[in-house]
Structure formats: structure tokens, C-alpha cells
Amino acid sequence: MKIALVSPVPVFPTSGGNRARQHTLYNALKEAGHDIHFFFLPSRQMGDYDASAHEAFFGPDRYTALSRGGVSNALYYLNRALGKVSRKLFPKGPIDQPYELSSVDEAFYKPFLNQLQNYAQKSNFDCVIVTYVLFSKAIEAFGSSVHKIIDTHDSIRHYIDEKEEVRGLLRADTIVAIQAQEAELFAQMLPETGAPDIHILSHITEIKPIMGLDQCAGATFLGSSFEANRQSIRYFIDDVLPLILKEVPEFKLFVGGSICRDIEDAQSITKLGFVDDIRDAFAQAPLSLNPIVQGTGVKIKLIDSLGMALPIVSTEFGVMGLPRDCLQGVSIVKDGDPHAFATAVIALYRDAHLRREKSAKSLEGAVRWNEQQKECLVQILSAHPKRGKIHV
């Protein structure tokens with residue numbers, strides 16, 4: 001199958017959860033023998049970006065970064081600025097959390113549509129997958145015979161009026177939700193007739209076990225710099241880490257990823273910064289922390305920790321949306337209970353045998369999880385869209 005992938009999120013460097021989801025999804029499509037072409041929608045918010053790595057992964061003739069600039073780009077940012085001023089003067093949405101966008105297409109750079117149309121006319125794509133409903137306008141560049149899919153990642157109900165989100169979703173033949181709760185939310189939002197098909201497809205992780213669990217200098221938190229991660233690492237540092245250090249003074253917290261710039265220096269904290277291979281972040285402390293206290297969607301860092309066969313400690317919130325039969329390698333503690341979290345971390349830190357037991361269970365869970373996700377992916381691509389149904 002010839003598939004066009006359209007995304008405002010680069011794949012490389014794979015430094016965040018949304019990038020990791022794209023990387024493993026696209027890799028699964030390649031391994032299944034599909035002919036994939038990646039169209040990247042650049043912006044000022046795209047973060048670190050490695051063009052050569054994209055060309056190496058997709059192939060130079062199957063990777064295209066669309067262009068923006070000149071008067072059109074200046075007008076785009078002017079309209080975005082005017083929109084922000086308008087919303088500040090006349091806020092809409094909940095009083096405590098007004099909407100950040102006025103329409104589902106506000107963040108989409110309109111000249112991208114013509115560029116995509118030119119490429120679509122030259123290639124006979126069977127399917128197009130667009131990342132995020134906020135960029136669903138890109139679907140209009142593809143003909144009626146093309147199977148149109150929106151990979152939502154998350155609902156944007158907190159950022160935009162529900163009617164606008166529905167307008168974007170209705171452009172698709174198939175909506176991909178990252179977990180069952182969001183699939184049900186989309187089904188409630190959409191009309192009873194003529195609505196897109198809804199499938200649930202979460203993150204497919206790479207299976208590559210960490211070697212060497214005998215030595216452990218502490219525990220590791222890996223994440224990019226965004227609010228949910230900042231709140232979560234803050235909770236661990238402020239509420240959990242002091243309890244651990246009281247009993248185990250030599251314990252070290254290792255932190256990897258761009259989240260490092262959001263935390264203070266401390267004797268008990270080792271900042272690793274960006275790591276080319278996430279497995280390197282766990283070299284000294286092969287014990288994964290998932291102290292998630294807020295956020296949406298499936299926690300990709302947890303799934304990737306399963307794929308690395310790591311023992312894991314997580315809050316209940318951090319495993320939301322994941323089947324318990326895949327989580328036997330995770331020590332799950334009650335939300336808001338720092339003493340329980342500290343106790344679980346100390347137990348794994350001190351006991352190499354327990355770490356190995358949990359590691360084996362994590363690997364089993366990752367394999368089972370991936371099998372489920374790849375079956376869902378086959379269903380999404382092979383089935384003719386039947387509008388208005390949820391497929392689990």
C-alpha cells in the first residue's frame with residue numbers, strides 16, 4: 001500500500017513521546033512492506049530537527065519538508081497574534097481554562113495545502129495518515145479514493161470548542177484514538193450517522209531489552225520538557241526523593257531528556273541531558289520511574305520502558321488506559337502516596353533478584369502489547385471504512 005504520512009512533528013531526533021509514537025508506527029508500516037512517504041510541516045515550535053536522519057530513514061525520494069516563508073508566513077503569524085489578542089479580550093470556553101485556539105484550522109499554514117496537492121496529484125496514494133486533528137486540513141489535498149486517517153494522539157477538547165474539533169474529525173474516514181477512553185469521547189462528540197470509523201491504536205514500542213540489572217545506582221526519569229512531565233518530576237523530587245534519601249542517602253536520581261533544564265541542580269540528582277539512545281539513560285540506574293500526576297493519552301515513556309525490559313514504578317494515573325496483563329513488570333502505587341512510591345523504589349533499588357523478576361515480566365508485557373497494536377494496525381489499513389463504529 002502507498003501511504004502518505006503528514007505531520008507537524010519531526011521524527012528525528014526521537015526526543016519526545018509524540019516523536020517516539022511516530023517512529024515506531026512508521027517503522028511498523030515499513031516492516032509490513034508498505035511504501036511510505038513522509039511530508040513534514042515545519043514550524044517555529046517544531047523543536048530539534050535532523051533532516052539527514054529523516055532522509056536516511058524514509059529515503060531521500062520519500063521524505064519531503066514543505067516550505068514556508070515570505071509574505072504568506074508573515075501574514076500567518078500576524079493572524080495568530082491577532083487571534084491571541086482577541087481571545088484575551090473576549091475569552092471563550094471554561095472560565096478557569098479558556099480556549100487557546102479559535103478554530104481547528106488556526107494552526108495550519110494554508111500554503112501547505114497547495115504544496116500537498118501538487119505531490120498528491122503526482123502520486124497515486126492509497127492512504128493518507130495525518131497527525132493531530134489540528135492539521136486535518138491537509139486531508140483536503142487528497143482525492144476521494146484515498147483512505148483518509150487522522151492519528152489524533154489526544155483529544156484537544158481543552159484547547160478548542162468541541163464543534164471545531166468535530167469539524168476536523170469529520171474530514172476523516174477513520175479516526176485513530178490512542179486509548180479506549182478517547183475513542184468513547186470521540187464517539188460521544190460525533191453525530192450518530194455519517195461519522196468516521198473509530199479505531200484504537202496505541203504506541204508500538206521497540207523491543208530491545210536492557211542488559212545488566214545487577215548494579216543499580218538509583219532510578220531514572222526520562223522525559224521531554226512539557227507541563228505534565230514538569231509536574232511529575234516535581235512531585236518526585238519534592239515529595240518522594242526526600243523519603244528515599246532519608247533511608248538510602250547514597251541513592252541517585254538520573255534524569256534524561258530536555259526536562260533536565262526544568263529542574264535544579266542537587267547532589268542527589270544527575271542530569272544526563274539529551275541521549276542519542278534512550279537505553280543509555282538507564283545504564284547506571286536500570287529502574288524506570290513513571291510518577292505521572294497529570295497529562296492525557298497513554299504514557300509512552302512507560303510503554304518504552306516495558307520494551308527495554310525495565311523494572312518500573314508508576315502511579316495509578318501513569319498506567320491509565322493500559323491493560324493490567326501487560327503491566328506485571330510495573331510496581332503500581334496509589335496516586336498521591338509518596339511514602340508508597342518511595343517504598344516501591346527502595347525495594348527494587350536494593351534487590352537485584354526482584355529487578356530481574358520485574359524485568360522479565362516487563363518484556364512479556366511489551367511483547368503482548370505490541371502484538372495487540374500490530375493487529376489493530378492491520379485492521380485499520382485493510383478494512384474498508386465503515387462509518388460510525390468503534391473497533392477495539
_Please list 3J(HN,Hα) in residue order for the range 326-331, calculated via the Karplus relation 6.51 cos²θ - 1.76 cosθ + 1.60 where θ = phi - 60°; whole Hz, with x for glycine and proline._
9, 10, 5, x, 10, 8
*With springs only between Cα atoms under 10 Å, which of Q117, Q373, Q45 fluctuates most in a Gaussian network model of the chain?*
Q45
*Cα-based Rg of the chain per 2.2 N^0.38 Å, rounded to two decimals?*
1.02
*asked:* For R324, what accessible surface area do you get with a 1.4 Å probe? Give it in Å², rounded to 10.
replied: 120 Å²
*For the range 162-168, what does the Karplus curve 6.51 cos²θ - 1.76 cosθ + 1.60, with θ = phi - 60°, yield as ³J(HN,Hα) per residue in whole Hz, taken in order and with x for Gly and Pro?*
4, 4, 6, 4, 4, 4, x
*Working from the pairwise distances between different alpha carbons, so that the mean of 1/r is found and then inverted, what is the range 246-392's Kirkwood radius in Å?*
16.9 Å
_Pick from T193, T174, T152 the residue whose mean-square fluctuation is largest in a GNM of the chain, springs joining Cα atoms under 10 Å._
T193
*GNM on the chain, C-alpha springs below 10 Å: top fluctuator among A281, A51, A266?*
A266
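Using helices alone, I'd like the mean residue ellipticity at 222 nm for the chain: each DSSP H run of four-plus residues gives -39500 (n - 2.57), total over residue count, nearest 500.
Working: 11 runs with 141 residues, N = 392.
The helix-only estimate for the chain comes to -11500 deg cm²/dmol at 222 nm.
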*Between S144 and R230, with labels modelled 7 Å along Cα→Cβ, what's the label distance in nm to one decimal, could you check?*
4.8 nm
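Heavy atoms only, 1.4 Å probe, whole protein assembly: order F90, F274, F254 by accessible area, highest first. If you can, show how the numbers build up before the last one.
Details: F90 145, F274 105, F254 10 Å².
Ranked list, largest accessible area first: F90, F274, F254.
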*asked:* To test your reading of the geometry: what angle, between 0 and 90 degrees and rounded to tens, separates the Cα axis of helix 17-31 from the longest principal axis of the chain?
replied: 70 degrees
*Roughly how big is the chain's charge dipole about its Cα centre, with Cβ charges of +1 (Lys, Arg) and -1 (Asp, Glu), in debye to the nearest 20?*
660 debye
_With DNA, RNA and ligands ignored, accessible area of S67 (1.4 Å probe; Å², nearest 10)_ = 70 Å²
_Anchor K2: lysines whose Cα lies under 23 Å away (excluding residues fewer than 8 positions away in-chain)_ = K30, K122, K137, K148, K374, K386
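Counting only GluC sites (Glu not before Pro) that sit in a DSSP loop (anything but H, G, I, E, B) with at most 12 other Cβ atoms within 10 Å, what is the longest stretch of the chain containing none of them?
Working: sites that count: E192, E250, E264.
It runs 1-191.
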*With all protein chains modelled, accessible area of M1 [1.4 Å, Å²]*: 90 Å²
_Full-extension gain in nm, R167 to D351, via 0.36 nm per residue minus C-alpha separation_ = 60.9 nm
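How much accessible area per residue does the chain have, in Å², with a 1.4 Å probe?
Working: 17860 Å² over 392 residues.
I get 46 Å² per residue for this part.
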*Counting only protein heavy atoms, what percent of the accessible surface of the chain is carbon or sulfur at a 1.4 Å probe?*
52 percent
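The values are calculated or read from the model by the stated rules, or taken from the named source; none is laboratory data. None of these values were measured; they are calculated from a predicted model. Cβ sites come from the backbone with ideal geometry, for glycine too, and all protein chains shown count toward neighbours. Keep in mind that these areas ignore ligands, DNA and RNA; they rest on the heavy atoms of the full protein, side chains included. Shrake-Rupley method; radii C 1.70, N 1.55, O 1.52, S 1.80 Å.
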